[in-house]
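J.: I have a structure here, written as structure tokens, and I will follow up with some questions on it.
The values are calculated or read from the model by the stated rules, or taken from the named source; none is laboratory data. Everything numeric in this text was worked out from a predicted model, so none of it was measured. A quick note on method: Cβ atoms are made from the backbone with ideal geometry, for glycine too, and the neighbour counts reach across all protein chains shown. Just so you know, the surface numbers come from the protein's heavy atoms only, side chains and all, with ligands and any DNA or RNA stripped out. Shrake-Rupley method; radii C 1.70, N 1.55, O 1.52, S 1.80 Å.
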There are 6 protein chains.
Amino acid sequence: MKLSARNQIKGTVVSVDKGPVTAKVKIDVGGGTIITSTVTTETVDDLALATGDAVTAIIKSSDVIIGK
Amino acid sequence: MKLSARNQIKGTVVSVDKGPVTAKVKIDVGGGTIITSTVTTETVDDLALATGDAVTAIIKSSDVIIGK
Amino acid sequence: MKLSARNQIKGTVVSVDKGPVTAKVKIDVGGGTIITSTVTTETVDDLALATGDAVTAIIKSSDVIIGK
Amino acid sequence: MKLSARNQIKGTVVSVDKGPVTAKVKIDVGGGTIITSTVTTETVDDLALATGDAVTAIIKSSDVIIGK
Amino acid sequence: MKLSARNQIKGTVVSVDKGPVTAKVKIDVGGGTIITSTVTTETVDDLALATGDAVTAIIKSSDVIIGK
Amino acid sequence: MKLSARNQIKGTVVSVDKGPVTAKVKIDVGGGTIITSTVTTETVDDLALATGDAVTAIIKSSDVIIGK
């Protein structure tokens, strides 16, 4: 499946923090950049997300703010 | 001003495409990654966004989907 | 690739409306429900989105408001 | 009040999961589709959201990603 | 219908700018604050949104970034 | 840094509620309006967000739904 989301950045999971409903996942995308994502804890379990996983951070263009 | 948004990635504007209401801005953040942002054309004019500008792509953690 | 987004609803594209930067795509997901998505026109061209295409509408849980 | 959000899908709450700050609500919208929403736990209490409630899942078009 | 979205701010439409797909609507919410919203042009037509309309700006808590 | 986000509303933090992963912050923006934001608890700690802080609520135009 190809996604409409313009931003798809490959990386490696470096931490998974599970709360009762929401979880925080940190993804090292290289060049010293860590991307943080919050998803449901349900999703973390469904995808069996764990440190070391090769993943893609997916971001819709309309969700990117620009600072100058 | 410090922002709550966890993801703040520095880069350089490589293209600005202005429609009547919405504009598309592409930002080279290094490592071969281009981030696409859609903002209002009004904002592009207010910030005088142009190719070559040093900018920051700002993304809230709750807007990052993970693919595995 | 499996996605973290909890909501993935299959349907068929029933219309594609391209503006200069943004496009509006309508997806019939059955049961009389049409889902409307706005994406970049660039994406419509990249995915060659057209009426009749089998697609999936993908929505992050944090983007769903509840009305009661 | 009429809403600008293009996507308003009627359904029935099938589960409510309350964490300390965030809650996860699942809505059966028919045709075998369950929509998951995360909202504040405060909202769940304010709306007295409970299993069996008739609700509407409201989604802005700009929050719908397309997979093809 | 009561909405889960925590932020519902009443105001008056002060401008409507219609592009081919997306429209920009400005809402005066008092105290010198103007809120800008982008919606589909289709929605502007459906709600017959026009200058002077009494409206509510609705924002989900997860879409609010904090600057300090 | 100037932000592309059209909506930047100044206010004062009136409460901070920290869950294990997500936190809820309420901001009094004057005129009787309280804006609620959910951010990561990590962010609350990083910015040392506390009651009484002068902050700005930042909202992208594409995240504002209109009710009429």
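J.: For the stretch C:1-66, give me every one of the strands (runs of 3 or more DSSP E) that falls completely inside it and has 2 or more residues that are touching a strand residue (DSSP E or B) at 6+ places or on another chain (Cβ under 6 Å) and within 14 Å of chain E (Cβ to nearest Cβ).
T.: C:7-18, C:22-28, C:34-40
J.: Determine if the stretch C:8-22 includes at least one residue that is under 29 Å from D:V44 (Cβ atoms) and among the hydroxyl-bearing types (S, T, Y).
T.: Checked against the condition, which is being under 29 Å from D:V44 (Cβ atoms) and among the hydroxyl-bearing types (S, T, Y), the stretch C:8-22 yields no hits at all.
J.: Answer with yes or no whether E:K2 is closer than 23 Å to D:S37 by Cα and basic (K, R).
T.: Against the criterion (closer than 23 Å to D:S37 by Cα and basic (K, R)), E:K2 qualifies.
J.: Only one residue in C:K24, C:K60, C:K18 is more than 30 Å from A:A50 (Cα to Cα) and surrounded by 21 or more Cβ atoms within 10 Å (Cβ to Cβ), so which one is that?
T.: C:K24
J.: Let me ask something additional. In the list F:T12, F:T38, which residue meets the criterion of being at pLDDT 95 or above and open to solvent by less than 30 Å² (accessible area, probe 1.4 Å)?
T.: Answer to the selection: F:T38.
J.: Would you point out the residue of the stretch D:41-54, among those that are touching a residue at least 24 places away in the same chain (Cβ under 8 Å) and of a type in the set (A, V, I, L, M, F, W, C), that is surrounded by the fewest Cβ atoms within 10 Å (Cβ to Cβ)?
T.: By that ranking, first place goes to D:A54.
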